[in-house]
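Q: This structure is in structure tokens; I'll ask about it shortly.
The values are calculated or read from the model by the stated rules, or taken from the named source; none is laboratory data. This is a predicted model, so every value here is computed, not measured. Glycine gets a Cβ as well: all are built from the backbone with ideal geometry, and neighbour counts include every protein chain shown.
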């Protein structure tokens, strides 16, 4: 500290930069009674707070202020490279007020236009509403809160000098002026600027006059404007000018809507290529609304397409264009949408004809993955254990539950080692969706994230469980509590080198699931909702015959061509049937798919919102609404101009209806 000499006044604009990282939270102190140093003065705010010079002696309780000595409740001490002083005593000697906010538990120090706020047990504080952190923390000595002095006086904009064993504060006698403006964004020629001033005299004198430079109520042109404000006290002394640079921006220009088509005239069923040419001076278009934008039209005549764009200010631009559709047909409606519907989007089909369509013979092999399906009860009306069983080796988990206990709740999976030796559990993949009120959305998102996790091959997490140890796994499931009527869907993979007892449970959000596990009841499934443990839960279908030269189907999840899994209820010890084969993964390997083959997903049981992996790419799709859902199909893939091998991974999405089929049919000839 000996090397710091004659530091000048720190302006309000630099204060935040200088004190960042230095001051820690001040804990409110119990005010101590002062003891005497000749001449004795009480530790109270000086009259009118009009002191001029204050000297602080390190390693001493002595403080001199304008020739008078005062006794601090604790000595100023150098610790961790900083000089510490008593917070309340120092603040009051400098003329600041000290209060406590009982709601936020903050100590508030105010001096003029400066407000400092400190909070218990926090290494952050605020200066005029902005948060900062500090290097050296405060501490409490005999109920007196000690804080680093230098950051404190810098925050109050009090100039100081350091010399050997003393720190001298020299208060300016000039009045101080400041102001702020509203609103924050000033539009040239439009915005009326309001000025809020703040001024005071360090000597407690009245402010009798003010002076402005560059002040305008409305700034006519865009640009930067310097505005200064000064005040005069009753002794005729003027303050230093307080200056702000105000930026007046040009008035918002509405966005310009525009688009082009690749042609002006089209045949019926001819693809129209649209190019959006809309622009905005701030590049801030936030919404685009098209009217009558179709990929093709199937009736001759003039057609008008409209585009409306909106910017972040709410300004709107519109553009319309008319094209001509001739009476010549390029493609029929059916041909066009089979050729051009984007992957993942749906098109109309003859749903009735699917019933009589030729079926591919379905025979499969399995992979040794055990499914832990926890969806019974699906709607949970009371706290308890949802499902429990002991599994060794590779396992896949499917959880799908709705909170109906009437309060915030959390869903957990607990792994327990029931053996006598340590066991390792390897968490391989996890896909969480929710909490949400939309069951079908949760089902698709969880499945999509699960497939993405399989493709990404993330590094697995290994957990060692000691004999008898219980541990919560997959904390993403319980990260956020479920509100009443909300749903969570979870899909995940793990493996273990020894038998592990897994438990899924739902309890109120404030309960400890491990501590309360033995107190919880086992909940029974409701109606036909399934829970159970099912072996061999990956089915592999490898097909070597040519496919795609004629329309064929592959029926899945129908319990005829594709039987439901048989398993056990790990709680009751009774047989369980995996109705719908939810949680089962299908790996379909079609080794000879003809050129120009269209692969479609067709739901047969109603609403279905799901996803699949086709040749290493995740495809999401959805079928809902008032239409006949079985007469719609989503495009999963199109082969190119030569035979291909196509591999599809697919699984029934929780919250969706079954069964479904995959369709393979020749594409119309391109013209």
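Q: Specify which of the listed residues (197, 191, 173, 243) is part of a strand (DSSP E or B), out of contact with any helix residue (DSSP H, G or I) (no Cβ under 8 Å at 6 or more places or on another chain) and either surrounded by fewer than 14 Cβ atoms within 10 Å (Cβ to Cβ) or in contact (Cβ under 8 Å) with a residue 24 or more places away in the chain (or both).
A: After ruling out the rest, the residue left standing is 197.
Q: If you go through the stretch 542-561 one residue at a time, do you hit one that is surrounded by fewer than 18 Cβ atoms within 10 Å (Cβ to Cβ) and in contact with a helix residue (DSSP H, G or I) (Cβ under 7 Å, 6 or more places away or on another chain)?
A: No, there is no match, as no residue in the stretch 542-561 is surrounded by fewer than 18 Cβ atoms within 10 Å (Cβ to Cβ) and in contact with a helix residue (DSSP H, G or I) (Cβ under 7 Å, 6 or more places away or on another chain).
Q: I would also like to ask the following. Do we find a residue being at pLDDT below 95, out of contact with any helix residue (DSSP H, G or I) (no Cβ under 8 Å at 6 or more places or on another chain), more than 23 Å from residue 388 (Cβ to Cβ) and buried (at least 17 other Cβ atoms within 10 Å of the Cβ) anywhere in the stretch 422-439?
A: Yes, the stretch 422-439 contains at least one residue that is at pLDDT below 95, out of contact with any helix residue (DSSP H, G or I) (no Cβ under 8 Å at 6 or more places or on another chain), more than 23 Å from residue 388 (Cβ to Cβ) and buried (at least 17 other Cβ atoms within 10 Å of the Cβ).
Q: Would you mind listing the strands (runs of 3 or more DSSP E) fully within the stretch 65-134 where at least 2 residues are touching a residue at least 24 places away in the same chain (Cβ under 8 Å) and under 40 Å from the mean Cα position of the chain (by Cα)?
A: So the answer is 106-111, 114-119, 124-127.
Q: Among the residues in the stretch 640-651, are any within 25 Å of residue 560 (Cβ to Cβ), in a loop (DSSP other than H, G, I, E, B) and over 29 Å from the mean Cα position of the chain (by Cα)?
A: no
Q: Additional query: Scanning the stretch 562-588 for residues that are without any contact (Cβ under 8 Å) to a residue 24 or more places away in the chain and in a loop (DSSP other than H, G, I, E, B), which turns out surrounded by the fewest Cβ atoms within 10 Å (Cβ to Cβ)?
A: In this case the residue turns out to be 573.
Q: Something else: In the stretch 135-144, what residues are assigned to a strand (DSSP E or B), crowded, with 18+ Cβ neighbours inside 10 Å and modelled with pLDDT under 85?
A: 136
Q: Within the stretch 469-477, is even one residue under 30 Å from residue 586 (Cβ atoms), in a strand (DSSP E or B) and within 33 Å of the chain's Cα centre (by Cα)?
A: Scanning the stretch 469-477 turns up at least one residue that is under 30 Å from residue 586 (Cβ atoms), in a strand (DSSP E or B) and within 33 Å of the chain's Cα centre (by Cα).
Q: Only one residue in 338, 324 is at pLDDT 95 or above and not in a helix (DSSP H, G or I). Which one?
A: On inspection, the qualifying residue turns out to be 324.
Q: Within the stretch 594-615, does at least one residue satisfy the condition of being outside any strand (DSSP E or B), within 21 Å of residue 542 (Cα to Cα) and in contact with a helix residue (DSSP H, G or I) (Cβ under 9 Å, 6 or more places away or on another chain)?
A: No, every residue in the stretch 594-615 fails to be outside any strand (DSSP E or B), within 21 Å of residue 542 (Cα to Cα) and in contact with a helix residue (DSSP H, G or I) (Cβ under 9 Å, 6 or more places away or on another chain).
Q: Only residues that are modelled with pLDDT of 90 or more and either out of contact with any strand residue (DSSP E or B) (no Cβ under 8 Å at 6 or more places or on another chain) or within 19 Å of residue 112 (Cβ to Cβ) (or both): list them for the stretch 66-86, please.
A: 68 - this is the single residue of the stretch 66-86 that is modelled with pLDDT of 90 or more and either out of contact with any strand residue (DSSP E or B) (no Cβ under 8 Å at 6 or more places or on another chain) or within 19 Å of residue 112 (Cβ to Cβ) (or both).
Q: Quick check: anything in the stretch 285-305 more than 30 Å from residue 190 (Cβ to Cβ) and touching a residue at least 60 places away in the same chain (Cβ under 8 Å)?
A: No, because not a single residue in the stretch 285-305 is more than 30 Å from residue 190 (Cβ to Cβ) and touching a residue at least 60 places away in the same chain (Cβ under 8 Å).
Q: Can residue 620 be described as surrounded by fewer than 18 Cβ atoms within 10 Å (Cβ to Cβ) and under 33 Å from the mean Cα position of the chain (by Cα)?
A: yes
Q: So, in the stretch 266-293, of the ones that are surrounded by fewer than 12 Cβ atoms within 10 Å (Cβ to Cβ) and modelled with pLDDT of 95 or more, which residue ends up nearest to residue 228 (Cα to Cα)?
A: 275
Q: Does the stretch 208-231 contain at least one residue that is over 30 Å from residue 148 (Cβ atoms) and touching a residue at least 60 places away in the same chain (Cβ under 8 Å)?
A: No - not one qualifying residue is present in the stretch 208-231.
Q: Report the residue count in the stretch 253-284 for those that are within 16 Å of residue 306 (Cβ to Cβ) and either assigned to a strand (DSSP E or B) or in contact with a helix residue (DSSP H, G or I) (Cβ under 6 Å, 6 or more places away or on another chain) (or both).
A: Qualifying residue count for the region: 7.
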